[in-house]
1. Please determine, by comparing only the residues of the stretch 15-31 that are in contact with a strand residue (DSSP E or B) (Cβ under 7 Å, 6 or more places away or on another chain) and in a loop (DSSP other than H, G, I, E, B), which one is surrounded by the most Cβ atoms within 10 Å (Cβ to Cβ).
2. Filter the stretch 56-65 down to the residues that are under 20 Å from S36 (Cα atoms) and open to solvent by less than 80 Å² (accessible area, probe 1.4 Å) and list them by number.
3. Can you name the condition, by its number, that R91 falls short on among (1) touching a residue at least 40 places away in the same chain (Cβ under 8 Å); (2) surrounded by 14 or more Cβ atoms within 10 Å (Cβ to Cβ); (3) under 15 Å from the mean Cα position of the chain (by Cα)?
4. Being outside any strand (DSSP E or B) and among the basic types (K, R) is the filter here; which residues of the stretch 32-53 pass it?
5. Looking only at the stretch 49-71, decide whether some residue is among the charged types (D, E, K, R), touching a residue at least 40 places away in the same chain (Cβ under 8 Å) and within 19 Å of H98 (Cβ to Cβ).
6. Can you pull out the residues in the stretch 39-55 that are surrounded by fewer than 15 Cβ atoms within 10 Å (Cβ to Cβ) and either over 18 Å from the mean Cα position of the chain (by Cα) or modelled with pLDDT under 95 (or both)?
7. Read through the list (1) over 25 Å from N38 (Cβ atoms); (2) modelled with pLDDT of 90 or more, then give the number of the only condition that M93 fails.
8. How many of the residues in the stretch 66-82 are open to solvent by 40 Å² or more (accessible area, probe 1.4 Å) and in contact with a Phe, Trp or Tyr (Cβ under 8 Å, 6 or more places away or on another chain)?
Amino acid sequence: MGVTVEVHQVYKYPFEQVVASFLRKYPNPMDKNVISVNTVEEKRDVSTGIIYRKRIAICRNVVPEILRKVSILKIPDIQLEEESWLNPQKRSMAIQSHCLTWTQYASMKEESVFRESMENPNWTEFIQRGRISITGAGFLNCILETFASTFLRQGAQKSPRPQMLNAAEVWEMHFQLSCGLNP
């Protein structure tokens, strides 16, 4: 079956600031689920100017405790791999991420693009599409996909409760603080 989440957002900030903030947004005190992000490879293509980065993120296991009674889910952390291609001349950055944990049971893939907004060259458009499919976990497939769907949609959509921030709101607040703006 699988779960798909799509996000489209326009940030009213220049591309260079948005990308710089994205690359340093984790870890931060507003999102306790990301423990660390380490760049394991970075290189620039001298002919095109494109900067390639590969990063590994360590995230807390957010699967509910009740489901962690199953041995395959009983791990403290999850590893994600992110690859990005930054093209400063075209003012665009493509990102592909996937999960390195539970690969025999789940597939998590995410594709994102930051690019100069067509509406205003001083704004940045963000488009993201993610998909999670659970296989090989038997009767838990449906339960885990339902949890994943709820968790991802809460992160992608604006929260109705003011005390709960979604990932985009956390990022925007982090961005404003890192640029010395008042959130």
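The values are calculated or read from the model by the stated rules, or taken from the named source; none is laboratory data. Remember, it's a predicted structure, so these values are computed and weren't measured experimentally. When we count neighbours, we look across all protein chains shown, and the Cβ atoms used for this are built from the backbone with ideal geometry, even at glycine. All accessible areas refer to the heavy atoms of the entire protein, side chains included, with ligands and DNA or RNA removed. Shrake-Rupley method; radii C 1.70, N 1.55, O 1.52, S 1.80 Å.
1. Top of the filtered list is Y26.
2. Initially, the stretch 56-65 is screened for residues under 20 Å from S36 (Cα atoms), giving 56-63.
If the condition is that a residue be under 20 Å from S36 (Cα atoms) and open to solvent by less than 80 Å² (accessible area, probe 1.4 Å), then I56, A57, I58, C59, N61, V62, V63 are the ones that fit.
3. (3)
4. Start the filter on the stretch 32-53 by keeping residues that are outside any strand (DSSP E or B), which leaves 32-33, 45-50.
Result: K32, single match.
5. So in the stretch 49-71, the residues among the charged types (D, E, K, R) come out as 53-55, 60, 65, 68-69.
Adding the requirement that they be touching a residue at least 40 places away in the same chain (Cβ under 8 Å) leaves none.
Checking the stretch 49-71: not a single residue is among the charged types (D, E, K, R), touching a residue at least 40 places away in the same chain (Cβ under 8 Å) and within 19 Å of H98 (Cβ to Cβ).
6. E41, E42, K43, R44, D45, V46, S47, T48, G49
7. (1)
8. Initial filter on the stretch 66-82 (open to solvent by 40 Å² or more (accessible area, probe 1.4 Å)): 66, 68-72, 74-77, 79-80.
Still in the list and also in contact with a Phe, Trp or Tyr (Cβ under 8 Å, 6 or more places away or on another chain): 72.
Final tally of qualifying residues: 1.
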